[in-house]
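Heads up, the thing below is written out as structure tokens.
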Amino acid sequence: MAHETISGKLAVARQNAQILYSELQKAYEALQDASLVDVSAQVAPVPPKRYLKLYNTLKGHRDKIAQVKWDQSSRRIVSACQDGFMIIWDAVTGLKLQAIPLESSWVLCCAYSPSGRLVASAGLDNKCSIYKVNIPEPGAPITSQPGSIELSELSKPYRAGPGAHAAYVSACEFIEENKILTASGDMTIALWDTQRGIRSHEFLGHSADVLSMSARPFQQTFLSSGADGLVKVWDLREKGPVMSCNISKTDVNDIVGFHDSHSFVAGADDGVCKLFDLRSECELASFELSAQFSSAKNTTTITTPLMSHFDTPGVVSLDLSRSKRILYACYADYGCIAWDTLKNSIIETIGVGSGSHNGRISQVAVSPDGEGMATASWDSSIKIWST
């Protein structure tokens, strides 16, 4: 009975908070003298064309790929898959450099350390595991052949901490070589010291599952999004959030921050991506797929759903081009769609159609140098795109 009372009070508090956030957003919008589209009216639009070409297809996994991450050199990719393996790839040659067997196949996320010498994986086992990477010496020949898998003795995991989260780990990000952040369904975010194997800091503030993070190496702040519809800004030196932004009444599945830490884009289950500015604490633009379907001005053809027996426009993954002009958003059933962030229009659809993915695209990731982009799919393949 007491539990039901607390749950009811919490639900009412969430509804009241949503109302207050909505009123606050309306007040901010009333202060805006122009929209992003109005301000950029004189800027030439990005022409809708196939400016990205398929460069490589990485095959070797045997199940749904949960996540992919680039290393800082923009040459290697680590992928985590529900076949029980993480694979490190050479994105240029397509070779498998290392295959790492996981203790649990129910993996949800992965991460690359700043030096590229460590990778991490986490998922439904409530834990984050760190693995050492075999990096060939400069100039050393790569003996792997396409399709081969080399298992390494150095691929023995050591825990990020002796304990674990109370629920699944939804995201993990290295912020230093020996420090990693993990976000969990237990509504917490933890900072781990991987050398000492301890949880050195815990961040509390979300009222529902934490679903995504955006963190960069050697920065003091990071972002998180959750099933409470909020995006929170955190400082590593503080336990509580320094700012909360109301984004959606549904789950906010992914978030990507700008390099200057002043803005971010968040994507939610309702199919809406929102560009938010932290300095003005205001929404600058909203990218809504359903609005494009009904818009007569939209000249870009959107393909039919990838999985026609579903019809869910929910955003599952986001990333930005290096210039931040183009937003790449993966939708549950519509593939990866490229948005012009200034014009609020669709440029093209990527990874769908003849010769592309034949399963749901689970993630998009742009390389640090901006020259390449990877899309991962439930069809067990990763495709590398380039200009």
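The values are calculated or read from the model by the stated rules, or taken from the named source; none is laboratory data. In this text the structure is predicted, and so the values were computed from the model without any measurement. Cβ placement follows ideal geometry from the backbone for every residue including glycine, while neighbour counts extend to all protein chains displayed. What goes into the accessible areas is simple: the full protein's heavy atoms, side chains included, and nothing from ligands, DNA or RNA. Shrake-Rupley method; radii C 1.70, N 1.55, O 1.52, S 1.80 Å.
Rounded to the nearest 10 square angstrom, His262 shows an accessible area of 70 square angstrom against a 1.4 Å probe.
Using a cut-off of 14 Å between beta-carbons, work out the net charge of the residues near Asp251 (Lys and Arg +1, Asp and Glu -1, Asp251 not included). The partial results should precede the final answer.
Details: positive: Arg14, Lys249, Lys274; negative: Asp209, Asp228, Asp254, Asp269, Asp270.
Taking every other residue near Asp251 into account, the sum is -2.
Could you calculate the contour length gain from Leu10 to Ala166, that is, 0.36 nm times the residue separation minus the distance between their Cα atoms, to one decimal place in nm?
Result: 54.2 nm gained on full extension.
Size descriptors for the stretch 176-218: radius of gyration and Dmax over Cα atoms are 10.7, 31 Å.
At 0.36 nm per residue, and after removing the present C-alpha to C-alpha distance, how many nm does the segment from Ser207 to Ala34 gain when stretched out fully? Can you show the working numbers first?
Values: separation 173, 0.36 × 173 = 62.28 nm, distance 3.37 nm.
Answer, rounded to one decimal: 58.9 nm.
Loop-located trypsin sites (Lys or Arg not before Pro) in the stretch 216-291 (DSSP state not H, G, I, E or B) with no more than 16 neighbouring Cβ atoms inside 10 Å: Arg237, Lys239, Lys249, Arg279.
Based on the Kirkwood radius over alpha-carbon pairs, what value in µm²/s does the Stokes-Einstein equation return for the translational diffusion coefficient of the stretch 163-304 at 25 °C and 0.890 mPa s? Value of D from the Cα-based Kirkwood radius: 154 µm²/s.
Restricting the GluC sites (Glu not before Pro) of the stretch 242-289 to loop positions (DSSP other than H, G, I, E, B) with no more than 13 neighbouring Cβ atoms within 10 Å leaves Glu281.
Modelled this way, with points 7 Å down the Cα-to-C-beta line, the labels at Arg117 and Cys282 are 4.8 nm from one another.
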